[in-house]
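Down below is the structure, laid out as structure tokens.
The values are calculated or read from the model by the stated rules, or taken from the named source; none is laboratory data. Just so we're clear, the structure is a prediction, and the values are computed from it rather than from any experiment. Quick reminder, even Gly has a Cβ in these numbers, built from the backbone with ideal geometry, and neighbours come from all protein chains shown. Heavy atoms of the whole protein, side chains included, go into the accessibility calculation; ligands, DNA and RNA do not. Shrake-Rupley method; radii C 1.70, N 1.55, O 1.52, S 1.80 Å.
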Amino acid sequence: MKKYKIVLLSGDGIGPEISEVSKKVLKKLSKNHNFDIEIIEKLFGGIAYEKYGTPAPDETLDQCKKCDAVLLACVGDIKYDSLARELRPESGLLKLRSALNLFANIRPVKIRKSLLDASSLKKEIVEHVDLIVVRELIGGIYFGKPRGQITNTKIQKAFNTMVYDSAEIERITEIAIKIANQRNKKICSVDKSNVLEVSQLWRDTVLKITSKDKNISLSNMYVDNAAMQLVRDPGQFDVILTSNLFGDILSDLAAMLTGSIGMLPSASLNNSGPGVFEPVHGSAPDIAGKNIANPLAMLLSASMMLKIGLSEEEAAENLETAIDKVLSKGFRTADLADGSSEVLSCSEIGNKIIDEI
Ligand code: IPM
Ligand code: MN
């Protein structure tokens, strides 16, 4: 029997609730598909700060480096906003991404048929959406140096640096090419090269690398236009390739095409070694502990983990089908409520999915 070791980081806010559902789902899948899954739970984010004084303890990072895949719920809470930046839960997340060298963040935006009416956009606009955001994850302005604040002057100043070298752009472009080749072979690279030097290097490097693959059709778009096009005609996109900050912003925007940010999964990958699979949404502290959160983005992330991280493709498929069945029977969580469907709690919708597996 195949044996996997995964690290589960349930983090903060709604994290523990959606993780509970994920654990049960993974147990059922492992039984049905005949593999063994050891789930090692570790503290991460605000909860780790409370206990150890750091959001990403070494012990947690070490376990993550040694396992087959990491499943992460979400981190953060406004109560940590006044901490020094390096102690905040979000910094822990950046440290984890960087420690595992997870330079490629994959965010698939797929419309589930039964949720066509849940989008804030018209059905005709979103119906053919099936795109993937490929976001560079450990470079750009998130990590660029110098950065800081100057406080000993009359007028305060703060600054960050948006920087990429060509090797960083090349490797993320290679990932986008690989993904595009499994799909419609279209890459739209998003930048701001009409203003930024770093974006000019981005554009030139993407062109250089993609032109080696004759199957790929490349287009370029400025990020402001891309935001507009994602709302105007999102069906035009196949693979969107972009930098860390632009990818962060565009993926939240694209998430809403699906009806709720509670539906969007992601995978953060390296060329080798364990990936981190996590929902795109945050920790939603306002609804934490109420058992009303939507666990589907985390389950879809677990499905990505099964497929990409563990090569358990049948189990991944089984889970996705179970999710679609539950949605098509009209069951929803509160974020997707439309007046005519039955609204279930986080654990209830989890149990419905388990019944379908
Ligand atoms: C995301 C999140 C993170 C990011 C935050 C929590 C640091 O918004 O994964 O999109 O900005 O990358
Ligand atoms: Mn984000």
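Please work out if Ser347 is farther than 30 Å from Lys79 by Cβ and polar (S, T, N, Q).
Details: farther than 30 Å from Lys79 by Cβ: no; polar (S, T, N, Q): yes.
No.
Restricted to segment 9-26, and to residues that are surrounded by fewer than 20 Cβ atoms within 10 Å (Cβ to Cβ) and touching a helix residue (DSSP H, G or I) at 6+ places or on another chain (Cβ under 9 Å), which residue is nearest to Gly309 (Cα to Cα)? Talk me through it step by step, then tell me what you get.
Taking segment 9-26 as the starting set, the residues that turn out to be surrounded by fewer than 20 Cβ atoms within 10 Å (Cβ to Cβ) are 16, 20, 23-24.
Checking the rest, the ones that are also touching a helix residue (DSSP H, G or I) at 6+ places or on another chain (Cβ under 9 Å) come to 16, 20, 24.
Details: Pro16: 22, Glu20: 20, Lys24: 19 Å.
Checked segment 9-26; the qualifying residue nearest to Gly309 (Cα to Cα) is Lys24.
Taking the condition of being open to solvent by 50 Å² or more (accessible area, probe 1.4 Å) and out of contact with any helix residue (DSSP H, G or I) (no Cβ under 8 Å at 6 or more places or on another chain), how many residues in segment 289-316 meet it? Reasoning before the result, please.
So in segment 289-316, the residues open to solvent by 50 Å² or more (accessible area, probe 1.4 Å) come out as 289-292, 307-308, 311, 313-314.
Then drop every residue that is not out of contact with any helix residue (DSSP H, G or I) (no Cβ under 8 Å at 6 or more places or on another chain), which leaves 290, 308, 311, 314.
Within segment 289-316, residues that are open to solvent by 50 Å² or more (accessible area, probe 1.4 Å) and out of contact with any helix residue (DSSP H, G or I) (no Cβ under 8 Å at 6 or more places or on another chain) number 4.
Run down Ile37, Ile47, Ile6 and say which single residue is open to solvent by 10 Å² or more (accessible area, probe 1.4 Å), over 28 Å from Arg147 (Cα atoms) and aliphatic (A, V, I, L, M).
Ile37
Considering only residues that are in a helix (DSSP H, G or I), of a type in the set (Ser, Thr, Tyr) and free of Cβ contacts under 8 Å to residues at least 40 places away in the same chain, which ones fall in segment 289-326?
Passing the criteria: Ser303, Thr321.
Please count how many residues of segment 248-288 are touching a Gly at 6+ places or on another chain (Cβ under 9 Å), of a type in the set (Gly, Ala, Ser) and either crowded, with 23+ Cβ neighbours inside 10 Å or not in a strand (DSSP E or B) (or both).
Here the count works out to 7.
Tell me whether segment 172-189 contains one or more residues that are of a type in the set (Val, Ile, Thr), in a strand (DSSP E or B) and in contact (Cβ under 8 Å) with a residue 12 or more places away in the chain.
Yes: segment 172-189 contains one or more residues that are of a type in the set (Val, Ile, Thr), in a strand (DSSP E or B) and in contact (Cβ under 8 Å) with a residue 12 or more places away in the chain.
Answer yes or no: is there a residue in segment 62-78 that is more than 18 Å from the chain's Cα centre (by Cα) and within 16 Å of ligand 1 (Cβ to nearest atom).
Among the residues of segment 62-78, at least one is more than 18 Å from the chain's Cα centre (by Cα) and within 16 Å of ligand 1 (Cβ to nearest atom), which makes the answer yes.
Is it true that Pro265 is more than 22 Å from Lys185 (Cβ to Cβ), at pLDDT 95 or above and in the same structural domain as Gly13 (by TED's automatic domain parsing)?
Values: more than 22 Å from Lys185 (Cβ to Cβ): yes; at pLDDT 95 or above: yes; in the same structural domain as Gly13 (by TED's automatic domain parsing): no.
No, not satisfied.
Within the bounds of segment 276-287, is there any residue that is more than 15 Å from ligand 2 (Cβ to nearest atom), out of contact with any strand residue (DSSP E or B) (no Cβ under 8 Å at 6 or more places or on another chain), hydrophobic (A, V, I, L, M, F, W, C) and at pLDDT 95 or above?
As a first pass, look at segment 276-287 and keep what is more than 15 Å from ligand 2 (Cβ to nearest atom): 277, 285-287.
Imposing the further condition that a residue be out of contact with any strand residue (DSSP E or B) (no Cβ under 8 Å at 6 or more places or on another chain) reduces the set to 285-287.
Narrowing further to those that are hydrophobic (A, V, I, L, M, F, W, C): 287.
Next, from what is left, pick out any that are at pLDDT 95 or above: 287.
Yes, that holds for at least one residue.
Starting from segment 1-13, keep only residues that are at pLDDT below 95, then list their pairs with residues that are open to solvent by 90 Å² or more (accessible area, probe 1.4 Å) whose Cβ atoms are within a distance under 8 Å, requiring at least 6 positions of separation or different chains.
Met1/Asn34
Can you find a residue that is outside any strand (DSSP E or B), over 22 Å from Ala255 (Cα atoms) and at pLDDT 95 or above anywhere in segment 128-139? Walk me through it before giving the result.
Residues of segment 128-139 that are outside any strand (DSSP E or B), as a first pass: 128-129, 137-139.
From the residues that got through so far, the ones that are over 22 Å from Ala255 (Cα atoms) too are 139.
Filter once more, so that each one left must be at pLDDT 95 or above: 139.
Yes: segment 128-139 contains one or more residues that are outside any strand (DSSP E or B), over 22 Å from Ala255 (Cα atoms) and at pLDDT 95 or above.
Go through segment 133-146 residue by residue and tally those that are open to solvent by 20 Å² or more (accessible area, probe 1.4 Å) and within 21 Å of the chain's Cα centre (by Cα). Let's see the steps before the verdict.
Just the residues of segment 133-146 that are open to solvent by 20 Å² or more (accessible area, probe 1.4 Å), to begin with: 138, 141-143, 145-146.
Subset that is within 21 Å of the chain's Cα centre (by Cα): 138, 141-143.
Matching residues across segment 133-146 total 4.
On the basis of being touching a Lys or Arg at 6+ places or on another chain (Cβ under 8 Å), closer than 16 Å to Lys110 by Cβ and open to solvent by less than 10 Å² (accessible area, probe 1.4 Å), does Asp238 make the cut? Steps first, answer last, please.
Details: touching a Lys or Arg at 6+ places or on another chain (Cβ under 8 Å): yes; closer than 16 Å to Lys110 by Cβ: yes; open to solvent by less than 10 Å² (accessible area, probe 1.4 Å): yes.
So Asp238 passes the test.
Looking only at residues in segment 68-110 that are assigned to a loop (DSSP other than H, G, I, E, B) and open to solvent by less than 10 Å² (accessible area, probe 1.4 Å), which one is farthest from Ala176 (Cα to Cα)? Write out each step before concluding.
Looking only at segment 68-110, we keep the residues that are assigned to a loop (DSSP other than H, G, I, E, B), and these are 68, 75-77, 81-84, 88, 100-103.
Still in the list and also open to solvent by less than 10 Å² (accessible area, probe 1.4 Å): 76, 102-103.
Working: Gly76: 29, Leu102: 14, Phe103: 12 Å.
Filtering first and then ranking leaves Gly76.
For segment 331-350, give me each residue that is touching a residue at least 40 places away in the same chain (Cβ under 8 Å), assigned to a loop (DSSP other than H, G, I, E, B) and in contact with a strand residue (DSSP E or B) (Cβ under 9 Å, 6 or more places away or on another chain).
Thr333, Asp338
Does Gly53 count as open to solvent by 10 Å² or more (accessible area, probe 1.4 Å), modelled with pLDDT of 95 or more and on the phi > 0 side of the Ramachandran plot?
Working: open to solvent by 10 Å² or more (accessible area, probe 1.4 Å): yes; modelled with pLDDT of 95 or more: yes; on the phi > 0 side of the Ramachandran plot: yes.
Criteria met by Gly53.
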